[in-house]
Amino acid sequence: MIREILVYPNKTLKKKSLPVEKFDKELHSLLDDMYDTMSAKNGVGLAAIQIGVPLRALIINIPIEEQDGAQPKENTIEVINPEFIECSGSTKFQEGCLSVPGFYEDVSRYAQVKFKYYDRYGNEHLTDTNDFLAIAIQHEYDHLEGKLFIEKLSILKRKKFEKEWKKRNSKK
Ligand code: CO
(Lines give C-alpha, C1' and ligand atoms only; values in the text may rest on other atoms or scores of the structure.)
Protein backbone atom coordinates (compact mmCIF):
# COMPACT_ATOMS: atom_id res chain seq x y z
CA MET A 1 0.00 0.00 0.00
CA ILE A 2 1.29 3.42 -0.95
CA ARG A 3 1.53 5.71 2.08
CA GLU A 4 1.91 9.44 2.40
CA ILE A 5 5.48 10.71 2.54
CA LEU A 6 6.17 13.39 5.14
CA VAL A 7 7.78 16.46 3.65
CA TYR A 8 10.15 19.04 5.18
CA PRO A 9 9.60 20.86 7.55
CA ASN A 10 7.29 18.24 9.10
CA LYS A 11 8.50 17.85 12.72
CA THR A 12 8.12 14.07 12.79
CA LEU A 13 11.13 13.86 10.45
CA LYS A 14 13.26 15.19 13.33
CA LYS A 15 12.33 12.29 15.61
CA LYS A 16 14.98 9.75 16.51
CA SER A 17 13.73 6.29 15.54
CA LEU A 18 13.66 3.38 18.00
CA PRO A 19 15.10 -0.10 17.45
CA VAL A 20 12.85 -2.74 15.92
CA GLU A 21 12.20 -5.47 18.48
CA LYS A 22 9.73 -7.73 16.72
CA PHE A 23 10.46 -9.20 13.31
CA ASP A 24 6.81 -10.01 12.77
CA LYS A 25 4.02 -9.62 10.22
CA GLU A 26 3.56 -6.00 11.18
CA LEU A 27 7.19 -5.24 10.32
CA HIS A 28 6.83 -7.12 7.02
CA SER A 29 3.80 -5.12 5.96
CA LEU A 30 5.57 -1.91 6.96
CA LEU A 31 8.52 -2.87 4.71
CA ASP A 32 6.14 -3.82 1.88
CA ASP A 33 4.38 -0.46 2.18
CA MET A 34 7.75 1.29 2.18
CA TYR A 35 8.68 -0.42 -1.08
CA ASP A 36 5.34 0.49 -2.69
CA THR A 37 5.70 4.11 -1.54
CA MET A 38 9.34 4.47 -2.60
CA SER A 39 8.97 2.86 -6.01
CA ALA A 40 5.82 4.87 -6.81
CA LYS A 41 8.02 7.97 -6.53
CA ASN A 42 11.09 6.38 -8.15
CA GLY A 43 13.07 6.94 -4.96
CA VAL A 44 16.32 5.10 -4.28
CA GLY A 45 15.74 4.79 -0.55
CA LEU A 46 13.19 5.37 2.17
CA ALA A 47 13.27 5.28 5.96
CA ALA A 48 10.21 4.29 8.03
CA ILE A 49 10.07 7.73 9.67
CA GLN A 50 9.38 9.24 6.24
CA ILE A 51 5.97 7.59 6.35
CA GLY A 52 5.58 8.55 10.00
CA VAL A 53 6.77 5.33 11.68
CA PRO A 54 9.64 5.99 14.15
CA LEU A 55 11.38 2.61 13.79
CA ARG A 56 14.96 1.88 12.75
CA ALA A 57 14.03 0.39 9.40
CA LEU A 58 15.05 1.59 5.96
CA ILE A 59 15.08 0.26 2.43
CA ILE A 60 17.36 0.90 -0.52
CA ASN A 61 16.75 -0.10 -4.13
CA ILE A 62 19.28 1.08 -6.65
CA PRO A 63 17.64 1.41 -10.09
CA ILE A 64 19.06 -0.78 -12.88
CA GLU A 65 20.34 1.66 -15.50
CA GLU A 66 20.35 -0.91 -18.31
CA GLN A 67 16.67 -1.59 -17.64
CA ASP A 68 15.39 1.99 -17.81
CA GLY A 69 15.83 2.45 -14.09
CA ALA A 70 13.73 -0.56 -13.12
CA GLN A 71 13.50 -1.29 -9.39
CA PRO A 72 12.33 -4.89 -8.99
CA LYS A 73 11.20 -5.66 -5.47
CA GLU A 74 13.66 -8.54 -5.13
CA ASN A 75 16.52 -6.04 -5.46
CA THR A 76 15.41 -4.19 -2.35
CA ILE A 77 17.85 -4.19 0.54
CA GLU A 78 15.85 -4.12 3.76
CA VAL A 79 17.96 -2.76 6.59
CA ILE A 80 16.78 -3.08 10.19
CA ASN A 81 18.65 -1.69 13.22
CA PRO A 82 21.81 -0.80 11.25
CA GLU A 83 25.11 -0.01 12.94
CA PHE A 84 28.25 1.31 11.28
CA ILE A 85 31.35 -0.72 12.14
CA GLU A 86 33.93 1.22 10.14
CA CYS A 87 33.80 4.29 7.89
CA SER A 88 36.66 5.77 5.89
CA GLY A 89 37.60 8.11 3.05
CA SER A 90 35.39 10.83 1.71
CA THR A 91 33.37 11.47 -1.40
CA LYS A 92 30.87 13.99 -2.71
CA PHE A 93 27.63 13.11 -4.37
CA GLN A 94 24.54 15.00 -5.48
CA GLU A 95 21.76 13.85 -3.18
CA GLY A 96 18.02 14.22 -3.18
CA CYS A 97 15.31 13.04 -0.79
CA LEU A 98 11.63 12.13 -1.12
CA SER A 99 11.01 14.34 1.93
CA VAL A 100 12.64 17.32 0.20
CA PRO A 101 11.17 16.78 -3.29
CA GLY A 102 12.75 18.52 -6.24
CA PHE A 103 15.87 19.71 -4.42
CA TYR A 104 19.33 18.28 -5.13
CA GLU A 105 22.68 19.28 -3.73
CA ASP A 106 26.19 17.91 -3.27
CA VAL A 107 26.82 16.33 0.12
CA SER A 108 30.09 14.97 1.58
CA ARG A 109 30.00 11.41 2.88
CA TYR A 110 32.37 8.60 3.78
CA ALA A 111 33.51 6.75 0.66
CA GLN A 112 33.66 3.33 2.28
CA VAL A 113 31.43 1.93 5.00
CA LYS A 114 31.13 -1.35 6.78
CA PHE A 115 27.83 -1.86 8.55
CA LYS A 116 25.81 -4.59 10.18
CA TYR A 117 22.06 -4.90 10.14
CA TYR A 118 19.18 -7.32 10.38
CA ASP A 119 16.82 -8.40 7.62
CA ARG A 120 13.04 -8.73 8.00
CA TYR A 121 13.43 -12.20 9.53
CA GLY A 122 15.93 -11.09 12.16
CA ASN A 123 19.00 -12.57 10.44
CA GLU A 124 22.19 -10.59 10.92
CA HIS A 125 24.18 -9.35 7.90
CA LEU A 126 27.48 -7.58 7.41
CA THR A 127 28.11 -5.41 4.35
CA ASP A 128 31.27 -3.67 3.25
CA THR A 129 30.78 -1.28 0.35
CA ASN A 130 32.37 1.63 -1.45
CA ASP A 131 29.84 2.08 -4.24
CA PHE A 132 26.54 3.97 -4.40
CA LEU A 133 25.12 1.83 -1.62
CA ALA A 134 27.66 3.43 0.75
CA ILE A 135 26.19 6.88 0.06
CA ALA A 136 22.59 5.68 0.23
CA ILE A 137 22.98 3.91 3.57
CA GLN A 138 24.51 7.03 5.14
CA HIS A 139 21.67 9.20 3.83
CA GLU A 140 18.99 6.79 5.07
CA TYR A 141 20.73 6.23 8.41
CA ASP A 142 20.57 9.97 9.03
CA HIS A 143 16.77 9.74 8.80
CA LEU A 144 16.82 7.28 11.73
CA GLU A 145 18.67 9.94 13.71
CA GLY A 146 16.12 12.60 12.73
CA LYS A 147 18.42 14.31 10.26
CA LEU A 148 17.94 15.41 6.67
CA PHE A 149 20.66 15.89 4.05
CA ILE A 150 19.97 19.63 3.91
CA GLU A 151 21.39 19.85 7.44
CA LYS A 152 24.78 18.87 6.02
CA LEU A 153 24.94 21.83 3.64
CA SER A 154 27.14 24.85 4.25
CA ILE A 155 25.42 27.83 5.87
CA LEU A 156 25.37 29.65 2.56
CA LYS A 157 23.84 26.74 0.64
CA ARG A 158 21.36 26.12 3.42
CA LYS A 159 20.20 29.74 3.27
CA LYS A 160 19.82 29.46 -0.48
CA PHE A 161 17.76 26.32 -0.02
CA GLU A 162 15.45 27.89 2.59
CA LYS A 163 14.84 30.84 0.29
CA GLU A 164 14.07 28.64 -2.70
CA TRP A 165 11.85 26.35 -0.62
CA LYS A 166 9.84 29.26 0.79
CA LYS A 167 9.38 30.76 -2.64
CA ARG A 168 8.29 27.48 -4.17
CA ASN A 169 5.80 26.66 -1.42
CA SER A 170 4.23 30.09 -1.41
CA LYS A 171 3.35 29.65 -5.09
CA LYS A 172 1.15 26.64 -4.32
CO1 CO B 1 15.97 10.97 2.37
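The values are calculated or read from the model by the stated rules, or taken from the named source; none is laboratory data. Here the structure is a predicted model, which means the values were calculated and not measured. With ideal geometry, Cβ positions are generated from the backbone for all residues, glycine too; neighbour counts draw on all protein chains shown. Each accessible area value is taken on the protein alone, full model and side chains, heavy atoms only, with ligands, DNA and RNA left out. Shrake-Rupley method; radii C 1.70, N 1.55, O 1.52, S 1.80 Å.
Helical content alone sets the calculated 222 nm signal of the chain at -9000 deg cm²/dmol, taking -39,500 (n - 2.57) per DSSP H segment of four or more residues and averaging over every residue. The heavy atoms of ASP128 offer some 90 square angstrom of accessible surface to a 1.4 angstrom probe. Of the residues TYR8, TYR110, the one with the largest accessible area comes first in the ranking TYR110, TYR8, computed with a 1.4 Å probe on protein heavy atoms. Neighbours of LYS15 by Cβ distance under 12 Å: Lys/Arg scored +1, Asp/Glu scored -1, total +4. Computed from point charges on the beta carbon alone (+1 for Lys and Arg, -1 for Asp and Glu), the dipole magnitude for segment 54-167 about its Cα centre is near 780 Debye.
Think of a 1.4 Å ball rolled over the protein heavy atoms: segment 3-68 then has 55 Å² of accessible area per residue. Computed over the chain with a Gaussian network model linking Cα atoms closer than 10 Å, the most mobile of LYS114, LYS41, LYS159 is LYS159. Computed from backbone phi, the HN-Hα couplings of segment 120-130 come to 5, 9, x, 7, 7, 9, 10, 10, 10, 9, 10 Hz, rounded to whole numbers (Karplus: 6.51 cos²θ - 1.76 cosθ + 1.60, θ = phi - 60°; Gly and Pro given as x).
When you filter the GluC sites (Glu not before Pro) in segment 90-164 for DSSP loop state and at most 16 other Cβ atoms inside 10 Å of their Cβ, you are left with GLU145.
With the highest mean first, a sort of the peptides 43-55, 16-28 on other beta-carbon atoms found within 10 angstrom per residue produces 43-55, 16-28.
Neighbours of TYR118 by Cβ distance under 14 Å: Lys/Arg scored +1, Asp/Glu scored -1, total -2. Remark on segment 67-110: hydrodynamic radius 13.7 angstrom, per the Kirkwood mean of 1/r across alpha carbon pairs. Ranking of TYR104, TYR35, TYR118 by solvent-accessible surface, largest first: TYR104, TYR118, TYR35 (1.4 Å probe, protein heavy atoms only, all chains present).
GLU86 sits among other residues whose Cβ lies under 9 Å from its own Cβ, and their net charge, with Lys and Arg +1 and Asp and Glu -1, is 0. Relative to its Kirkwood radius, the Cα radius of gyration of segment 74-156 gives an Rg/Rh of 0.98. In the chain, the inverse of the mean reciprocal separation of distinct Cα atoms equals 16.6 Å; this is its Kirkwood hydrodynamic radius. Which residue, ILE85, ILE59, ILE135, has the most motion in a Gaussian network model of the chain that connects Cα atoms within less than 10 Å? Most flexible of the set in this elastic network: ILE85.
Surface composition of the chain: carbon plus sulfur atoms hold 50% of the accessible area, using a 1.4 angstrom probe and ignoring ligands, DNA and RNA. Rounded to the nearest 10 degrees, the angle from helix 132-144 to the longest Cα principal axis of the chain is 80 degrees.
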